[in-house]
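The values are calculated or read from the model by the stated rules, or taken from the named source; none is laboratory data. All values derive from a computational prediction rather than experimental measurement. Every residue, glycine among them, receives a Cβ derived from its backbone with ideal geometry; neighbour counts consider all protein chains shown.
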Amino acid sequence: MTAKKTAKKLLIANWKSNPATLEEAVVLAKKEDEAAALFKSVDLVVAPPFIFLEAVSEILKNSVLGAQDVFWEKSGPHTGEVSTDQLKNIGVQYVIVGHSEKRQDSGETDEMINKKIKGALAAGFRTVLCVGETSREDKEIPSSVGEQLVADVAGLKKDWLKNLIIAYEPVWAISTRLNSRPDTPSNVLQASLYIKKTLARTFGLKEANQIKVIYGGSVKTGNVASFLKDGGVSGALVGGASLNAEELIEIAKIANSQ
Ligand code: PGA
């Protein structure tokens, strides 16, 4: 199955805990945002660390602001957390929830992720839920991916679903992992179909059809076309490659032509 040529591709630049300085963040955001103006068939989301959200928010004109995490409450006594109201008021439109690095580094559970998704969708954010297996023994998508997905989306209201995006991110394919390698387009197709079927079983086919599925894991200039063309996905979550503006621009150019 190939994505419809007319549909815009979603590209999310996940900077993770980079760069180290505000000056570098400003330069990177300017370059990426300028490039976004050139590619009309791509929606670019720039997701810097929290500390740079405000500065980057003032720069973006052709792309939109994303946050890498969110707390489920609007405000209140939650030391160290960043609330939905705070993110809204700074211009954030997309939030990433349940990234494997948050699951691992911060011990985020499916129960916490479910609360974050509900809080984010209730606040009106486009909400990107990351799911994916930590290792792959054989060609089958492990059932753990479906279990994660079902637990994370439990109890969502139907009218929230148009703002839900699932990022299939096999953890072993993330570029900074030891011995990582990108997944293959055929595995990504299998995974995206599996995710879409799981969503259809959970919410009904019509409702599930509103939910975009994207791919993340070592996406680069050399492989993005094949994922978009043959992986059955509507976009990509780009980590390492998004820290190099030239590479991200090239990825956007390729996505734009798919
Ligand atoms: P990567 O990261 O592109 O560096 O593999 C993707 C992600 O973890 O979101």
Q. Counting only residues that are in contact with a helix residue (DSSP H, G or I) (Cβ under 6 Å, 6 or more places away or on another chain) and closer than 17 Å to TYR194 by Cβ, which one in the range 151-168 is surrounded by the fewest Cβ atoms within 10 Å (Cβ to Cβ)?
A. ALA151
Q) SER218 passes all but one of (1) under 17 Å from SER100 (Cβ atoms); (2) in contact with a Phe, Trp or Tyr (Cβ under 8 Å, 6 or more places away or on another chain); (3) of a type in the set (Ser, Thr, Tyr); which number fails? A) (2)
Q: Kindly provide the set of residues from the range 35-55 that are among the polar types (S, T, N, Q) and part of a helix (DSSP H, G or I), ordered by number.
A: none
Q) Are any residues in the range 25-68 surrounded by 15 or more Cβ atoms within 10 Å (Cβ to Cβ), among the β-branched types (Val, Ile, Thr) and closer than 22 Å to VAL128 by Cα, and if so, which ones? A) VAL42, VAL45, VAL46, VAL56, VAL64
Q: Could you figure out which of (1) within 16 Å of the ligand (Cβ to nearest atom); (2) of a type outside the set (S, T, N, Q); (3) not in a helix (DSSP H, G or I) isn't true of LEU156?
A: (1)
Q: Select, from ASN62, ASN18, the only residue that is under 30 Å from SER226 (Cβ atoms), polar (S, T, N, Q), without any contact (Cβ under 8 Å) to a residue 40 or more places away in the chain and out of contact with any strand residue (DSSP E or B) (no Cβ under 6 Å at 6 or more places or on another chain).
A: ASN62
Q. Of (1) within 29 Å of LYS30 (Cα to Cα); (2) away from the ligand (no atom under 16 Å from the Cβ); (3) surrounded by fewer than 18 Cβ atoms within 10 Å (Cβ to Cβ), SER175 satisfies all except one. Which?
A. (2)
Q. Picking from GLU58, GLU32, which residue would you name as being in contact with a Leu (Cβ under 8 Å, 6 or more places away or on another chain), among the charged types (D, E, K, R) and not in a strand (DSSP E or B)?
A. GLU32
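Given VAL26, VAL95, VAL70, VAL45, which one is more than 17 Å from the chain's Cα centre (by Cα) and modelled with pLDDT of 95 or more?
On the way: VAL95 fails: more than 17 Å from the chain's Cα centre (by Cα); VAL70 fails: more than 17 Å from the chain's Cα centre (by Cα); VAL45 fails: more than 17 Å from the chain's Cα centre (by Cα).
That would be VAL26, the only listed residue that is more than 17 Å from the chain's Cα centre (by Cα) and modelled with pLDDT of 95 or more.
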